[in-house]
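Have a look at the structure below, then the notes.
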Amino acid sequence: MSRFTNSSQVEFEAGRFHTAIQFSQYAVSQNDEDADAWLVLGMSLIEISEWPDAIDALENASLLQPLDNLPRISLAIAYGAIGHRKLSRDLLMSVATSGTADADELLKIAAGLEAIDQPRLAMEACRQAGKQTPDASEIHYKMGYYAQKCGHPNSVSEALIRHAINLDPQNIHYRIGFASMLIRLGRQNEAITLVDHFIPAKLDEVTCACCLKRIANLFFDSDDIERARMCAERIAKLSESAQDSPRHSKTSAV
């Protein structure tokens, strides 16, 4: 392994993706058969949503050595991002049905499937993850989200998400997402109760601007102007961060 390849891996693991890209580009310019350098390059480009270049790098890596599950999932998601939905679905399902994917990988597969409008397959991937880790709160929350996308009754989603909150009662993301659902169902009082003791204490942890807009309106309609203002300020900060970064984070709303 060249020193550039090693440096690129160090930078990637530290989350410094642009620097990782530079080092891996140096490495492949010296040796275009350096599979590890192509792999780090592809995975780093995935992190900044540079889909076509990421696909090229990961495909080059796959020609030199078999890809592990995570790079295969990332490659599939990249295919979906540029519109190759069937190819994305087929690759994601090949990993999901291989019997080698762990729970975290299955959740990533589910997210990739949902992104290409395959919520039923996404929910099934979550079920498979749940068989491995039945007490994982994220799995139940995601299943509740996908259940709504599949058109299941609201009671199904609600039961799954309430179970996720029971498993992880301090998780503000679950509470905000569920409150957003309750608001849409006209159950504003329940929504306020759900987040009442967590806003503003955990407001800085919330990354979904759409959810925050609903919560801000909820507080405003309840004459809680101060907390409505706090939510609005948080939305403004998220907007600024999104403009500074090519890739922004969000919490799944239900």
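The values are calculated or read from the model by the stated rules, or taken from the named source; none is laboratory data. Bear in mind that the values here come from a model prediction, so they are computed numbers and not experimental data. In this analysis, Cβ positions are derived from the backbone assuming ideal geometry, glycine residues included, and neighbour counts consider all displayed protein chains. Quick note on the areas: whole protein, heavy atoms, side chains included, nothing else; ligands and nucleic acids left out. Shrake-Rupley method; radii C 1.70, N 1.55, O 1.52, S 1.80 Å.
The table below lists the values:
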| item | result |
| --- | --- |
| Qualifying helices (runs of 4 or more DSSP H) (wholly inside segment 162-224; at least 2 residues being surrounded by 13 or more Cβ atoms within 10 Å (Cβ to Cβ) and small (Gly, Ala, Ser)) | 172-184, 209-221 |
| Residue among Tyr141, Tyr145 that is over 19 Å from Gly80 (Cα atoms), surrounded by 15 or more Cβ atoms within 10 Å (Cβ to Cβ) and touching a Ser or Thr at 6+ places or on another chain (Cβ under 7 Å) | Tyr145 |
| When residues of segment 118-132 are limited to those that are farther than 16 Å from Ser88 by Cα and polar (S, T, N, Q), the one most open to solvent (accessible area, probe 1.4 Å) | Gln132 |
| Residues of segment 125-161 satisfying the condition of being in contact (Cβ under 8 Å) with a residue 24 or more places away in the chain, assigned to a helix (DSSP H, G or I), out of contact with any Pro (no Cβ under 6 Å at 6 or more places or on another chain) and not small (Gly, Ala, Ser) | Gln128, Gln132, Glu138, Ile139, His140, Tyr141, Lys142, Tyr145, Gln148, Asn154, Ile161 |
